[in-house]
Amino acid sequence: MDQKGFDGDRSESRLYVGNLDFRVSESDIIKMFSPYGKIIAEDFLWHTRGPKRGEPRGYAFVQYTTKEEAQLAKEKMNGKLVCGRPVVVHLASEKCFVDSKNSHRAMKDKKLAGSSGSKSVQTDRDAKIAAIKQKLKSLGDEGCSKKRPRLESDDLTGKASKQSEKKC
């Protein structure tokens, strides 16, 4: 058994259903997917914290009795418009592989691996640093970096210092 409590066949009969409109309910999911086989479990996810607490998360899982039923439902329902949005349906076990091509996590992993994408990121960073240095230099040339004469404690109290007496 795997960590979710499903053996190999069970995980192949579990579908991920994503890109759901917030108006779609649990009963709607069951009605949409029941024509393709016997549903033995359905997990509709809700926000449990934060400002969206109690609202749907936009995805669900549907468990069929056989992998053939799940495959049929996947073929028939993937891309179907529901409330004006194309529903994304994949086997739950293959979800991470299908969507990882363009995901943020995949891009992050690619950068950490040192692929060609990281060279452009480094170039961008170097260009930003050079631009900041140039800006600081131009500000220094304009006189922003000129030091102002320091006030001494006597200047604050109104007493004349020896330096100011010499100049007068």
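The values are calculated or read from the model by the stated rules, or taken from the named source; none is laboratory data. Please read these numbers as outputs of a predicted model, since none were measured by experiment. Side chains are part of the model used for accessible areas, which takes the heavy atoms of the whole protein and leaves out ligands, DNA and RNA. Shrake-Rupley method; radii C 1.70, N 1.55, O 1.52, S 1.80 Å.
A few points about this structure:
- Using C-alpha pairs below 8 Å separated by at least 6 residues, the relative contact order for region 10-91 is 44 percent.
- Shown in residue order for region 51-58 are the 3J(HN,Hα) couplings computed by the Karplus curve 6.51 cos²θ - 1.76 cosθ + 1.60 at θ = phi - 60°: x, 9, 3, x, 8, x, 7, x Hz (x for Gly and Pro).
- The amide H of LEU91, built 1.01 Å from its N in the peptide plane, has TYR16 as neighbours under 5 Å, considering only residues 5 or more places off or on other chains.
- Subtracting the Cα-Cα distance of ILE132 and LEU72 from their residue separation scaled by 0.36 nm leaves 15.9 nm.
- Of the solvent-accessible surface of region 35-83, computed with a 1.4 Å probe over protein heavy atoms with every protein chain present, carbon and sulfur atoms account for 50 percent.
- Residues whose amide H comes within less than 5 Å of that of VAL82, counting only those at least five positions distant or on another chain, are VAL87 (H built at 1.01 Å from N in the peptide plane).
- For the pair ASP141 and LYS80, the difference between a 0.36 nm per residue extended length and the Cα-Cα distance amounts to 15.7 nm.
- Close lysine pairs were tallied over region 10-91: pairs 8 or more places apart or on different chains with Cα atoms under 18 Å apart number 7.
- Amide H partners (placed H, <5 Å) of ARG57, local residues excluded: LEU45, TRP46, HIS47
- As computed over region 10-91, the Cα convex hull volume per residue (Å³): 82 Å³
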